[in-house]
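Heads up: the structure comes next, in C-alpha cells.
The values are calculated or read from the model by the stated rules, or taken from the named source; none is laboratory data. A quick note: this is a predicted structure, and the numbers were derived from the prediction, not measured. Reconstructed Cβ throughout: ideal geometry from the backbone, glycine too, with neighbour counts over all protein chains shown. For accessibility, only protein heavy atoms count, side chains too; no ligands or nucleic acids. Shrake-Rupley method; radii C 1.70, N 1.55, O 1.52, S 1.80 Å.
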Amino acid sequence: MIEAHLDSTSIDSDGVCNFYGLQRLALNTVIDSGEVLIRRRRREAADRLPLPFQIQVIEPDFIDSTKDGRAANGNEIREGIEYDLIGRRVGYYLFSEHPGKASGRLRSWESRRVPASEIIHIFRVDRPGQKRGVSWFSGVALQLQDLGDHQDAQMMRQKIAACFAAFRVAPDDLDAATADEMATSLKPGAIMDLAPGEDIKFAVPPGVEGYDEFTRSVLRSIAAGMGITYEALTGDLSNVNFSSGRMGRMEMDRNVSSWQWLMMIPQFLGPFGGWLLEAWMLQIGDPRVMKSRIEWVPPHRIIVDPAREIPAMITAIRGGLASRQGTQRALGYDPERLMDEIKQDRATADAAEVQFDSDPRKDASKLAKGSDNAE
C-alpha cells in the first residue's frame, strides 16, 4: 500500500512525479531558491488513492513576506511565518497562487494562514538562529556574473575577428564616377582591378587567447563555492586522472552526505514519515501503526574503484569495524529488501536445481577440493 502510493504519481498533488521525483524537485528548489515548502493535501476516500493524502512542492515565493508583526493571539509573525511564545513555527501565510503568475484577471494578493503541521520547511542552516534559506548560488553570484561578462566579451571579439575588413585608399584626383564603378565588396576568387595610385589595406582582426584558462579558473572557483567538484559541474574530464578524480569525489561525497543526513532526512523525510504513518493508520484503522519506525536509505553511492573498495568493506565487516546492514545502507540498499531478494534467489535456484558459485553453500571450488581430498 505504501509503496504503491510512493512509487506512483498518486503522492503528487499535481499528478506529475512520484515520491523520488518530488525529492529531487524539492532539493533543486532548495539549491536555486534557498528553501522549499512541502504542503500536505488531505484527501477523501472518494479520491481512490492508496493513502488518503498527497503532497505539494511549493516555491518560497508563495510565502507572504509582507506579513510582519503581532498576531491577534499574541504570536509573532516574521516574514510570513508565525511563531509562538517559545519560538516554534505554528503557521505560514501563503498566497493561493504564485505572485508572479501572469493572468488576465484581477488576482487577490491576500494570503491565508496554513497551520505549520501541514507544512514542511526545508533549507540549509548556515548560521545560528537562521529562519529562512539562502540560495546556494549567492556565494558564487559574482563569479557567475564575471563569467557571463567574459563570455559576452569573447563572443564579441569572435564576431569582430570573423569580419575580414579591407580599406580602399584612393588617390586624391580620383573622380566620383570612377569611384562608383569600383568594387566595394570581396568575393571568393575575385580579381580586382586597381586604379593608378590606388591601394588596398586589410584590417588585422583581434586575437582570442586565454579563454579556456580563464573559464576553467572561474568554474573551479564556482564549483568550490557550491561544494562540488569541477568535473561534476562541467563534465570536463580532460585534465583528471583516477587518483585526483577519486579524491575529489570523496570530498564531494562528504558534502552530499551532509545534505542528506543534516537537511533532507531530518527536515523532509522525518516529518513526512509521520504524515505517512498517520495516513496509513487512518486507512487501516489500527492506531498501533503510529508506533512503527521508518528508516530512510539514501540513494546508491557511486563506487569509484569497486575492485579495491568492496574488499575493504568486506574486511571491515569481518573485523567487526562495520555492520553488514550499515554498509548496505551506505551503498544505498535496503537491508531487509536485499535479504528477501537473496532468500528468493536461493529458493528459486534450489527449486530449479541450479548451482551458482555465488552461493557459499554450494561453492563449486570447495566441492572440488573436498572430492580431491577424499580420494
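Summary table below
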item	result
Residues satisfying the stated conditions in region 221-248, i.e. touching a Lys or Arg at 6+ places or on another chain (Cβ under 9 Å), part of a loop (DSSP other than H, G, I, E, B) and open to solvent by 50 Å² or more (accessible area, probe 1.4 Å)	239
Test: residue in region 208-216 that is at pLDDT 70 or above, open to solvent by less than 60 Å² (accessible area, probe 1.4 Å) and more than 26 Å from the chain's Cα centre (by Cα)	yes
Residue, nearest to residue 242 (Cα to Cα), within region 307-334, restricted to residues that are surrounded by 12 or more Cβ atoms within 10 Å (Cβ to Cβ) and of a type in the set (Val, Ile, Thr)	310
Close pairs (7 angstrom Cβ cut-off, 6 or more residues apart or separate chains): under 17 Å from residue 260 (Cβ atoms) in region 328-341, in a helix (DSSP H, G or I) and of a type outside the set (Val, Ile, Thr) anywhere	328/335; 328/338; 329/335
Residue within region 289-297 that is at pLDDT 90 or above, at negative phi and among the hydrophobic types (A, V, I, L, M, F, W, C) present	no
Region 351-372, subset at pLDDT 75 or above and out of contact with any helix residue (DSSP H, G or I) (no Cβ under 9 Å at 6 or more places or on another chain), residue surrounded by the fewest Cβ atoms within 10 Å (Cβ to Cβ)	353
Test: residue in region 13-20 that is within 19 Å of residue 296 (Cβ to Cβ), loosely packed, with under 15 Cβ neighbours inside 10 Å and modelled with pLDDT under 95	yes
Test for residue 29: is it among the hydroxyl-bearing types (Ser, Thr, Tyr) and modelled with pLDDT of 95 or more	yes
Residue 265 vs. criteria under 30 Å from residue 50 (Cα atoms), in contact with a Phe, Trp or Tyr (Cβ under 9 Å, 6 or more places away or on another chain) and surrounded by 15 or more Cβ atoms within 10 Å (Cβ to Cβ)	yes
Filtered residues of region 8-27 (kept if in a helix (DSSP H, G or I) and touching a residue at least 40 places away in the same chain (Cβ under 8 Å))	10, 11, 23, 26, 27
Answer residue from region 28-41, given it is touching a strand residue (DSSP E or B) at 6+ places or on another chain (Cβ under 8 Å) and either without any contact (Cβ under 8 Å) to a residue 24 or more places away in the chain or assigned to a helix (DSSP H, G or I) (or both) and is nearest to residue 8 (Cα to Cα) among those	29
